[in-house]
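Participant: The structure's right below; bear with me while I get my questions together.
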Amino acid sequence: DKSIDSTLIVDSLRSQREYIDRIHKYANGPRLLEGGIGTGITSIYLSCLSYDVTGIDNNHEILQAAAARNAALGSRARFAEMDLFNLEFEPDSFDLCFHQGILEHFCEPESVTRSCHRCGFQLGRSPH
């Protein structure tokens, strides 16, 4: 099904406006990595703004849904199944790594932040 839930997209982007503004502010270049993509809408939107975005998640179904939205919208975001503890990228592959509300899911969030820092500057958002 290639239909697009425009309400989901609009609501998601509205709720993330300040966060997306922070991404614009802190990105020192076009290469972005999103860890834990959720709907994938943030990666898709940013790729439409000419960022070179890679979104990763360890959930295959989430990645499939995001890839379908990406294709339906004609976006250039890339999605990959990957573990945040063991990122398969060279050091400094990204200008900014970002994630939203994922650290509380890990017993050792410091390991995730170290892994993200290795790949590029990190910007997170507290779930509170």
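The values are calculated or read from the model by the stated rules, or taken from the named source; none is laboratory data. Because the structure is predicted, anything quoted here is derived from the model rather than measured. Cβ atoms come from the backbone with ideal geometry, glycine included; neighbour counts cover every protein chain shown. Just so you know, the surface numbers come from the protein's heavy atoms only, side chains and all, with ligands and any DNA or RNA stripped out. Shrake-Rupley method; radii C 1.70, N 1.55, O 1.52, S 1.80 Å.
Participant: For the range 1-87, just the Cα atoms, rotate onto the principal axes and tell me the three extents in Å, largest first.
Facilitator: That gives 37, 31, 20 Å along the principal axes, largest extent first.
Participant: Within the range 14-67, what whole-number % of the accessible surface is contributed by carbon and sulfur, with the 1.4 Å probe and all protein chains included in the calculation?
Facilitator: 47 percent
Participant: Considering the options T39, S50, N86, tell which one lies farthest towards the positive end of the dipole of the range 1-97, charges being +1 on Lys and Arg and -1 on Asp and Glu at the Cβ, about the Cα centre.
Facilitator: The Cα lying farthest towards the positive end belongs to S50.
Participant: Step through the residues of the range 21-28 one at a time and calculate ³J(HN,Hα) from phi using the Karplus curve (6.51 cos²θ - 1.76 cosθ + 1.60, θ = phi - 60°), rounding each to whole Hz and writing x for Gly and Pro.
Facilitator: 4, 5, 4, 4, 5, 9, 5, 8
Participant: Using the beta-carbon distance between A72 and D92 and R0 = 41 Å, what value does 1/(1 + (r/R0)^6) give for FRET efficiency, to the nearest 0.05? Each step should come with its number before you reach the end.
Facilitator: On the way: r = 33 Å, r/R0 = 0.79.
That gives a FRET efficiency of 0.80.
Participant: While we're on this one: With θ set to phi - 60° and the Karplus curve 6.51 cos²θ - 1.76 cosθ + 1.60, what are the ³J(HN,Hα) couplings of the range 78-94 in order, to the nearest whole Hz, using x for Gly and Pro?
Facilitator: Values, residue by residue: 10, 10, 9, 7, 7, 9, 4, 7, 9, 5, 9, 10, 5, x, 6, 6, 10 Hz.
Participant: Could you give the nm distance between label points at K25 and D5, where each point is 7 Å from its Cα heading toward the beta carbon?
Facilitator: If labels sit at K25 and D5, their model points lie 3.0 nm apart.
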